[in-house]
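Here's the structure, in structure tokens; my notes come after.
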Amino acid sequence: MGFKIRMGVPEMEAFWKDVSTRNQVGELGKDEEKFFKKWIKALGYLSQNPRHNSLGSHEIDDLTRKYGIKIFQSYLENDTPAAGRMFWTYGPDRADITVLGIEPHPEDQKRGAYERVKLAAMPSTTVEPEKRKRK
Amino acid sequence: MPATTLKKANPIVIEDYDVAADAKKRINLRNAKTKYFHVKALSNGCYVLEPRVLVPPHVISARSLKMLDKSVANLKKGLASPPIDLAAFLEA
């Protein structure tokens, strides 16, 4: 059974329109093109069989609890979470799948030495400096 | 000079020293408490280093989570994009 793939609104739809249009006119950068190729391949699998081995699809319980609907995650590259992931759910109609988001976020895709290292701000408790020793 | 009291949240100077960059323009941080830093180079020649921690790769970024929030909220109202046509891209 095939599924119709839809994009979540507004951000995913806008992102899809942007990259697909720029792909057609050959305006994608090298990295964007690589990402788009992987994404298209994954969407193809998703539309044919959401449980396709290459996707590694699995439900994310925390997100399911948060939103009250079943949220699944699929990898854009076989068994490589860092290469990109997409979050999706069934609906709004029968035989529909809606892609809700992707990771990394399009604006998060930094290039350079720190690309492989995900960094975040320190938890506030550990940032506090030690008390100065009194002489 | 009147004594000033520093608020607990405000950082205080705990070390104060001069360093020289080596031939490759690298400097060493003495007794650095963390391994990773976010570095900001300012136009006046100053550098600001903020400690960072590694995040597991499966964690979702704040931006992506916000994107999901909006998509789910709209989906619950029955709003999603029209079905996309993958055929043209898959054939290419």
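The values are calculated or read from the model by the stated rules, or taken from the named source; none is laboratory data. Treat the numbers as computed from the prediction; the structure is a model and nothing was measured. Counting neighbours? That spans all protein chains shown, and the Cβs are built from the backbone with ideal geometry, glycine included.
Inside region A:1-82, counting only helices (runs of 4 or more DSSP H) that do not spill past its ends, which hold 1 or more residues that are exposed (fewer than 14 other Cβ atoms within 10 Å of the Cβ) and at the interface with chain B (Cβ under 9 Å from one of its Cβ atoms)?
On the way: elements: A:11-24, A:30-48, A:61-67.
Per the criteria, A:11-24.
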_Test: residue in region B:20-34 that is modelled with pLDDT under 90, surrounded by 14 or more Cβ atoms within 10 Å (Cβ to Cβ) and more than 30 Å from residue A:13 (Cβ to Cβ)_ = yes
_Considering only region B:55-66, I want to know if a residue exists there that is facing chain A (nearest Cβ under 7 Å) and either of a type in the set (D, E, K, R) or within 20 Å of residue A:18 (Cα to Cα) (or both)._
yes
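Conditions (1) modelled with pLDDT of 90 or more; (2) under 19 Å from residue B:90 (Cβ atoms), marked per residue:
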{"position": "A:34", "(1), (2)": "no, yes"}
{"position": "A:43", "(1), (2)": "yes, yes"}
{"position": "A:47", "(1), (2)": "yes, yes"}
{"position": "A:61", "(1), (2)": "no, no"}
{"position": "A:78", "(1), (2)": "no, yes"}
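Within region B:60-90, can you find the residues that are surrounded by 14 or more Cβ atoms within 10 Å (Cβ to Cβ) and of a type in the set (A, V, I, L, M)?
Matches in region B:60-90: B:60, B:65, B:67, B:68, B:72, B:75, B:79, B:80, B:84, B:86.
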*Could you grab me the full set of residues in region A:83-99 that are more than 21 Å from residue B:63 (Cβ to Cβ) and surrounded by 15 or more Cβ atoms within 10 Å (Cβ to Cβ)?*
A:90, A:91, A:92, A:96, A:97
*Name the residues in region A:43-70 that are in contact (Cβ under 8 Å) with a residue 40 or more places away in the chain and within 12 Å of residue A:88 (Cα to Cα), would you?*
A:43, A:46, A:47, A:50
*asked:* Residue under question is residue A:107, and the condition is that it be at pLDDT 65 or above and surrounded by fewer than 16 Cβ atoms within 10 Å (Cβ to Cβ); does it hold?
replied: no
*asked:* Just to verify a result, which residue in region B:20-73, among those that are assigned to a loop (DSSP other than H, G, I, E, B) and under 30 Å from residue A:69 (Cα atoms), is farthest from the chain's Cα centre (by Cα)?
replied: B:58
